[in-house]
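Below is one structure, written out as structure tokens, with a few remarks after it.
The values are calculated or read from the model by the stated rules, or taken from the named source; none is laboratory data. Just so it is clear, the structure is predicted and the values come from calculations on it, not from any experiment. Positions of Cβ are backbone-derived with ideal geometry, glycine not excepted, and every protein chain shown enters the neighbour counts.
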Amino acid sequence: MAASDTETAAEEYDGGEVASTSDGASGEGPADDRDARGVYAISVAAELVGTGQQNIRQYERKGLLTPERTDGGTRRYSESDLATLRRIGVLLDEGLNLAGVKLVLELEAENRGLTEDNRGLADDNRDLRADNRGLRKDLKRARGRGD
């Protein structure tokens, strides 16, 4: 990747791909389904991200990404895969080796999961606080009636 490509990819990178469900869909809507669906052949994916097909095959062998496969075994890359490939390029340009890239991608994915968990817990906490306020009001009223 050229320096300007690296800067553009770094600016466009938003922390990674959306966490997906077991069927590969993110569960967030039709646009996300399109992002997760493998539509690009390896030659197109390589051209779109500015790397070689052999590099992409090596990234797959190293476990950095797993594209969909057609019934005949042909790799098909999604928009999410392209984002991952761009992120790999940025990390390589920053001097990481493939083992380091794999660790960064894994940590970023774990961080996204923890962030989602944290959001859910914050929502639950908000709900519990509202319930608690309601219960306190009910208790206050009940005590007021009993006195």
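Points worth noting:
- Scanning segment 66-75 for residues that are under 15 Å from Val44 (Cβ atoms) and out of contact with any Pro (no Cβ under 6 Å at 6 or more places or on another chain) turns up Pro67, Glu68, Thr70, Thr74.
- Listed by first and then second residue, the pairs with beta-carbon distance under 7 Å, at least 6 apart or on different chains, first residue in segment 61-82 and without any contact (Cβ under 8 Å) to a residue 40 or more places away in the chain and more than 17 Å from Val104 (Cα to Cα), second crowded, with 18+ Cβ neighbours inside 10 Å and among the aromatic types (Phe, Trp, Tyr), are Pro67/Tyr77; Arg76/Tyr40; Tyr77/Tyr40.
- Condition check for Leu107: within 28 Å of Gly38 (Cβ to Cβ) and either in contact with a Gly (Cβ under 6 Å, 6 or more places away or on another chain) or surrounded by 12 or more Cβ atoms within 10 Å (Cβ to Cβ) (or both): no
- Cross-chain or 6+ apart pairs with Cβ under 6 Å, segment 100-129 first and within 21 Å of Ile88 (Cβ to Cβ) and at pLDDT 95 or above, then of a type in the set (A, V, I, L, M) and part of a helix (DSSP H, G or I): Val101/Ile88; Val101/Leu91; Val104/Leu91
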